[in-house]
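Contents: one structure, followed by commentary.
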Amino acid sequence: MVGLIIANGENMKKITSLLFCLLFLASFARAQTAEIMVSLNEQFFDAVLDATFKNLKQPDFPLSDNPGGSCEEKVRLEREMNGVKTAVQFREGRIVAPIAFTGKYDAPLLSCLDFRGWAETHLELEVDQNTNTLFARANVKNVQVNNIPSFAGGVVARLLQGSIDRKINPVKILALDKLSFVVPVSVAEGSLKMNAKSLRYEVGQNSLNVFITYEFIKADG
């Protein structure tokens, strides 16, 4: 005999939760851990950069550790300059990050000079095992400085390389302590928590793939 059960909204919610819970427990009855992948592609990083330049203060940092005088020696990151756009790109298994900039340099005998240009950087990834945090470090490979004499441009390029290493590196990408959460299923005995335990990464052809291992534990309270 086939019976038809008509459930109201509250009962349907309970039934749906119970079914989800049963399927969830059946899937992980044998394994208390699981690994998921988060894929970050160029479009994702473009969206982050667009939002940063649109909604936040334009990033800047001192050109040197000993600024002085009336000329405020600073480098300001730009979204785009002279046809070069600040971006994160994936090229043959490497992460390349062109950075557009403007700034001021207090050149000896020439006073305060406005400059502009771009830097070619490669992002090297590393996982801090103590904090389970994924970092990126920008290594400057080439700097093009325009709008100032060539001898001053060479000095600015060297200062810029050192300043990026001191003021920007390392860049935090992902931290495990922000990635644990309670599974939206609860029964009389409590609820489950997805506890992020470890992470690893690989650089693909068009994206950065981060693999996060979760363990499933009973949530406190």
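The numbers here are math on the coordinates, done by the rules we state, and not lab data. Since the structure is predicted, the reported quantities are computational estimates derived from the model, not experimental observations. A quick note on method: Cβ atoms are made from the backbone with ideal geometry, for glycine too, and the neighbour counts reach across all protein chains shown.
Structure data summary
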| item | result |
| --- | --- |
| Additional length obtainable on full extension of the chain from Arg91 to Gln32, 0.36 nm per residue less Cα span | 17.5 nm |
| For the range 41-174, Kirkwood radius (reciprocal of mean inverse C-alpha pair distance, Å) | 15.7 |
| Cα-projected label distance for Glu126 with Ser39, points at 7 Å along beta-carbon direction, nm | 2.9 |
| Mean Cβ count within 10 Å, highest first, over the residues of peptides 150-156, 75-81 | 75-81, 150-156 |
| Alpha carbon centroid spacing (whole Å) that separates the range 200-221 from the range 47-92 | 30 |
| In range of the label at Asn195: residues from the range 118-153 whose backbone nitrogen is under 15 Å from the point 7 Å along Cα→Cβ | none |
| Amide N of the range 99-135 lying under 13 Å from the label point, which is placed 7 angstrom from the Cα of Lys167 along Cα→Cβ | 101-106 |
| Cα-based Kirkwood hydrodynamic radius, the range 100-210, one decimal, Å | 17.6 |
| In order through the range 118-130: 3J(HN,Hα) via Karplus (6.51 cos²θ - 1.76 cosθ + 1.60), integer Hz, x for Gly, Pro | 8, 10, 8, 10, 10, 8, 9, 9, 8, 10, 7, 5, 6 |
| Hz values of 3J(HN,Hα) by residue in the range 192-209 - Karplus curve (6.51, -1.76, 1.60), Gly and Pro given as x | 9, 10, 8, 9, 5, 10, 7, 9, 9, 9, 8, 9, x, 5, 10, 7, 9, 9 |
| Candidate lysines for bridging to Lys178, where Cα separation is under 16 Å - those fewer than 8 sequence places away on the same chain excluded | Lys193, Lys197 |
